[in-house]
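Worksheet: the structure to be examined is printed underneath.
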Amino acid sequence: MRISRIAARVFLVGGIVATCLALTPVVAVAQSWLPDAGDSSFSVVYSGTLNKKHYGSEGEEIDVGHTKSEIWTIGGSYSPTDRVMIEASIPFVNARYKGCCPHPPAFAGDIDDGTWHGTLTDLLVTAHYQVSEGPLAFAPYVGIVIPTHDYPTLGHAAPGRGLDEYWLGFYTATSLNEWIPRTYVELRGNYAWVEEVEDIAHDRINTTFELGYYFNAAVSARLFWARQWTQGGIDLPVPPTDPLFPHHDQLADDEFINVGGGFSWMMNERMELFGLYTQSIAGWNSHKVDQRVTLGMSYGTGHARH
């Protein structure tokens, strides 16, 4: 059985989650092996996140209130050839803040008033190319993030940053069957050129390492470690008197280390269910992810190739 082709189908939705939620990056999952020519997939993913604390510029934890976000993402993919896959996705973000320190309404409006606020955010389109399949699979990709409209970008419950981004990244993976049957490892790297604000650069680097195991052809599990670095940006907090205060959520030198795990279940050759759990173990100028639960399903028109 070729684990690579099953992985491409099993973890397709997880890849969409990993790359489209720029507000709360999750985890990259097995897209080192692309689907067959003519394959397509449709997915619906729910992600619920609770942030109880913020990380300061030195990594200290600060309690300035709690934020809950619920994100529904619709995504799809199509493979015109065995070596090319195109993906697109768009999330609807619904968030609520409760606590002692809402952003001033003069700057942030009613976004932190304790009620739920929901909106579509950013369209993500990526194009992947299969350079090699084995023994070391390698699939670079390019992507673009385009805000769908002018939504709020300041506030604890702000749905996103509202900035254009251009991505260059890769997935690389290999099977560990020789040493541990039905196991693989994968590395994802991504560089994002992010639209400057007030002439300040704040590009982003994301890396994810994943270890996956197949109990059988239908059920699999994985553990992951994810790291983000920001190239530039500003430290938080920023006082309201600072000229950059209206843009500090967009410009934060946001860095974190997240860990987690998940499962996937292939119900049949076309339908797949999956779940992920994520939490932060360190961060700087960032929300601390106390817990994130992600659940999703995908339906594919192709067949897993063995």
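A short reminder: the numbers here are calculations on the coordinates, not readings from a lab. This structure is a prediction, so every number in the text was calculated from the model and none was measured. Cβ sites come from the backbone with ideal geometry, for glycine too, and all protein chains shown count toward neighbours.
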*With all distinct Cα pairs included, what does the Kirkwood hydrodynamic radius of the chain come out to in Å, to one decimal, could you say?*
19.6
*Could you calculate the contour length gain from Asp150 to Val131, that is, 0.36 nm times the residue separation minus the distance between their Cα atoms, to one decimal place in nm?*
3.1 nm
*Sites matching GluC sites (Glu not before Pro) across the stretch 238-306 that sit in DSSP coil, with at most 13 neighbouring C-beta atoms within 10 Å*: Glu269
_Per 0.36 nm of contour for each residue apart, how much would the distance between Leu244 and Leu168 grow if the chain were fully extended, relative to their Cα-Cα spacing?_
24.5 nm
*Give the relative contact order (percent, whole number) for the stretch 3-300; include only Cα pairs under 8 Å separated by 6+ residues.*
18
*Can you give the extra length, in nm with one decimal, that the chain gains between Ala201 and Trp229 once fully stretched, where that is 0.36 nm per residue apart less the Cα-Cα distance?*
8.8 nm
*How large is the helix-only mean residue ellipticity at 222 nm for the chain, computed as the sum of -39500 (n - 2.57) over DSSP H runs with n ≥ 4, divided by its residue count, in deg cm²/dmol to the nearest 500?*
-2000 deg cm²/dmol
*Near the amide H of Thr148, under 5 Å away, which other amide H atoms are found, from residues 5 or more places off or on another chain, if H is placed in the peptide plane?*
Asp122, Leu123
*Between Trp193 and Ala88, what FRET efficiency comes out of the Förster formula 1/(1 + (r/R0)^6) with R0 = 25 Å and r the beta carbon distance, rounded to 0.05?*
0.80
*Karplus 3J(HN,Hα) series, Hz, for the stretch 284-297 with 6.51 cos²θ - 1.76 cosθ + 1.60 (x for Gly, Pro)*: 9, 6, 9, 5, 8, 7, 6, 6, 9, 10, 10, 10, x, 9
*Which semi-axes, in whole Å and largest first, does the equivalent ellipsoid of the stretch 199-251 have when worked out from the alpha carbon gyration tensor as the square roots of 5 times its eigenvalues?*
40, 11, 8
